[in-house]
1. Let me spell it out: the conditions are (1) open to solvent by 80 Å² or more (accessible area, probe 1.4 Å); (2) among the hydrophobic types (A, V, I, L, M, F, W, C); (3) modelled with pLDDT under 80, and residue 90 meets all of them except one. Which number is the exception?
2. Do we have any residue at all in region 49-63 that's at negative phi and in contact with a Ser or Thr (Cβ under 6 Å, 6 or more places away or on another chain)?
3. In the set 156, 132, which member is modelled with pLDDT of 85 or more and surrounded by 14 or more Cβ atoms within 10 Å (Cβ to Cβ)?
4. Here is a list: 63, 14, 35. Which entry is modelled with pLDDT of 85 or more and basic (Lys, Arg)?
Amino acid sequence: MIYPEKIKAKKSDKIIKILMSSSFVIVFVLWLINKLTTPTMPWAALANAGIVYTWVVVIYSVKKNINIAGHVLLQTIAISILMFYIDYMLGMKGWAINIAIPIIIMVANLTMLVLTIVSYKKYMKYAIYQLIIVLFSMLPVIFVTEHMVQDKTLSIIAIGISVLNFIICLILSAKDVKETIIRKFHF
């Protein structure tokens with residue numbers, strides 16, 4: 001079997017710079033077309049937000065030694081911000097807070113649960129990301145208590161999954177966490 005030749009780092013950096021420059025041109029062209037044709041509807045801002053999101057993911061993914069849990073965290077935050085921005089640009093209908101963000105939080109928590117089950121020996125490597133995702137998952141608590149959501153069902157499910165996921169991860173990894181604490185603190 002013949003494998004493709006590996007792209008050298010210098011060539012890879014050059015390709016990324018060319019593509020990023022092209023993206024800046026596309027962003028400007030979209031903005032210009034939007035201003036000249038339909039200035040009252042900000043569709044270019046939505047497309048440009050998608051381009052920015054894509055580059056955040058690409059730049060993070062190109063880095064070496066990516067922690068999968070870190071990637072899940074980045075995706076959770078970036079997609080949530082993108083959804084909120086799109087909702088805002090479309091007149092703040094509330095679908096981002098009511099539907100999108102709770103679903104994103106549920107998927108992130110289920111992904112972290114699968115990561116913990118599949119590689120429970122590496123849980124300490126994922127623990128800080130798990131904790132940050134749990135903290136981020138408390139956003140629906142704010143949405144519910146501040147009466148920002150019309151239908152609380154998805155938010156309550158997202159909160160429940162987050163808490164349950166955190167408890168399951170602690171139970172699955174309790175022995176490893178205990179051994180790590182003993183080893184690091186010499187108990």
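The values are calculated or read from the model by the stated rules, or taken from the named source; none is laboratory data. Everything numeric in this text was worked out from a predicted model, so none of it was measured. With ideal geometry, Cβ positions are generated from the backbone for all residues, glycine too; neighbour counts draw on all protein chains shown. Just so you know, the surface numbers come from the protein's heavy atoms only, side chains and all, with ligands and any DNA or RNA stripped out. Shrake-Rupley method; radii C 1.70, N 1.55, O 1.52, S 1.80 Å.
1. With (1) open to solvent by 80 Å² or more (accessible area, probe 1.4 Å); (2) among the hydrophobic types (A, V, I, L, M, F, W, C); (3) modelled with pLDDT under 80 applied to residue 90, the lone miss is (3).
2. Start the filter on region 49-63 by keeping residues that are at negative phi, which leaves 49-63.
Next, only the ones that are in contact with a Ser or Thr (Cβ under 6 Å, 6 or more places away or on another chain) stay: 51.
Within region 49-63 (the criterion being at negative phi and in contact with a Ser or Thr (Cβ under 6 Å, 6 or more places away or on another chain)), the answer is yes, since at least one residue qualifies.
3. Numbers: 132 fails: modelled with pLDDT of 85 or more.
Exactly one of 156, 132 is modelled with pLDDT of 85 or more and surrounded by 14 or more Cβ atoms within 10 Å (Cβ to Cβ), namely 156.
4. Numbers: 63 fails: modelled with pLDDT of 85 or more; 14 fails: modelled with pLDDT of 85 or more.
One residue alone meets the criteria, 35.
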